[in-house]
1. Here are some residues: Asp51, Asp59. Which one is in a helix (DSSP H, G or I) and surrounded by 11 or more Cβ atoms within 10 Å (Cβ to Cβ)?
2. Given the criterion farther than 25 Å from Asn409 by Cβ, under 27 Å from the mean Cα position of the chain (by Cα), without any contact (Cβ under 8 Å) to a residue 60 or more places away in the chain and open to solvent by 10 Å² or more (accessible area, probe 1.4 Å), identify the matching residue among Glu315, Glu249.
3. Does at least one position in the range 283-291 carry a residue that is of a type in the set (Phe, Trp, Tyr), within 16 Å of ligand 1 (Cβ to nearest atom), open to solvent by less than 40 Å² (accessible area, probe 1.4 Å) and not in a strand (DSSP E or B)?
4. Failed condition for Ile153, given (1) surrounded by 18 or more Cβ atoms within 10 Å (Cβ to Cβ); (2) under 21 Å from the mean Cα position of the chain (by Cα); (3) in a helix (DSSP H, G or I); (4) free of Cβ contacts under 8 Å to residues at least 60 places away in the same chain, with all others met?
5. Testing Glu377 on (1) under 30 Å from Asn241 (Cβ atoms); (2) at pLDDT 95 or above, one condition comes back false. Which one is that?
6. Under the condition of being part of a strand (DSSP E or B) and closer than 16 Å to Ile423 by Cα, which residue from the range 264-280 is farthest from ligand 2 (Cβ to nearest atom)?
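The values are calculated or read from the model by the stated rules, or taken from the named source; none is laboratory data. A quick note: this is a predicted structure, and the numbers were derived from the prediction, not measured. Don't worry about glycine lacking a Cβ; one is built from the backbone with ideal geometry, like all the others, and counts go over all protein chains shown. These area figures cover heavy atoms from the full protein model, side chains too; ligands, DNA and RNA do not enter into them. Shrake-Rupley method; radii C 1.70, N 1.55, O 1.52, S 1.80 Å.
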Amino acid sequence: MRYEPIPTELFLRNRQRLLGLLKPNSMVILHANDIYPTNADGTMAFKQNSDLFYLTGVDQEETVLVLMPDAGDPKEREILFVRETNEHVAIWEGEKLTKEAAKAVSGIERIEWSASFESFLHRLAPQVDHIYLATNEHLRASVVVETRNARFIKDCQSRYPLHRYERLAPLMHRLRITKDPVEISMIQKACDITEAGFRRLLGFIKPGVGEWEVEAELLHEFVRRGSRGFAYTPIVGSGKNACVLHYVENDKICQDGDMLLLDVAAEYAGWNSDLTRTVPVNGRFTARQRDVYDSVLRVFRGANDILRPGNTPMEYQKQVVEIMERELVHLGLISAKDAKEQGPDKALVKKYFMHGTSHHLGLDVHDVAPPHEPFAEGMVFTIEPGIYIREEGLGVRLENDVLIGKDSNIDLMGNIPIEAEEIEALMQQKVSA
Ligand code: GLY
Ligand code: MN
Ligand code: MN
């Protein structure tokens, strides 16, 4: 098996927690994502709806989950609809879930074929007052295609116009904001695979190597260790490309004397990791590169100290910007006087550090959470400060994933080299080997 099996108890617990948040006499209907088309008869790789995966563990298209905790017939309290498999499907697409397999993965007793969903709905909908449906609610989402869940909302509302419709999203965000121990172990596994990839790179990066070759090395290491690949489109940016925050072309040659920014990480069994390291292409930092690097590392450490229960995302970001301001003054990028006189928008700091410091991490890389929720134990965040000096063709970002623990944060990437000396030593070792 590519992945260790995910304990079914995780999905049982997740559904149980959701039931505790529903109004009486209600029903949840959640559809899988579509397989998105490209051109001609091409498709993109299937990516499951994260909420559906969270509640069932089923990673297959055309799946529908129906929860109806107050159903008169106890056998109808949880029903999972999966795509019917047959000999033709087996020959062309390979094995799909049988009813027994779907039950084993999800822990749901009642499994039906997707084709019968409509007739079940017709019978079940009149028994409830509230219907919870899925909308994709993320601050930065820009969605121009109609998802399967969005199509179903229209369809369901036109068929049952007098039911009371509820948003499933806020409930899922509430559940998913803190991670189950099983989820933490999956994220840890993704981090460990990422570590192996990064260590492999330290012996590979040298002047003349293409950014795309670096990407290929990583993909090999990730996939051979059971990951399906990158958790997100990898950013491998040398020299001034490191200052382009969403640089994904990865098509330039790494030059002697430049730094190389790597925002690259593996997924594992659906969970994500998210790493950034910035290394000197030739294995030795120049004095200036080292100064900037150490400043970013100090901000990383300072941020870790205040990403703690009770603090809020907005306050935290403000405090990190203040730490960053001191470093930018230290680096001579802002004068002490200008720093003091700038307005509360901190425009001078934002010239060099223009993004957020942290985001939730889980089944989605920028994981969902109720907005403005104070930090709390059990949440997993990235910490990713950066300094981007376009006029010097130099950008440095460092990013680790941490679990907020009771007394301190647990760095899930604590084993991945981050100190400049260690990076240099590992790069030299391999070069001279
Ligand atoms: N790799 C995406 C991010 O760092 O947020
Ligand atoms: Mn990242
Ligand atoms: Mn990140």
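1. Asp51
2. Sole residue among the options that is farther than 25 Å from Asn409 by Cβ, under 27 Å from the mean Cα position of the chain (by Cα), without any contact (Cβ under 8 Å) to a residue 60 or more places away in the chain and open to solvent by 10 Å² or more (accessible area, probe 1.4 Å): Glu249.
3. no
4. The number of the failed condition is (2).
5. (1)
6. Pro280
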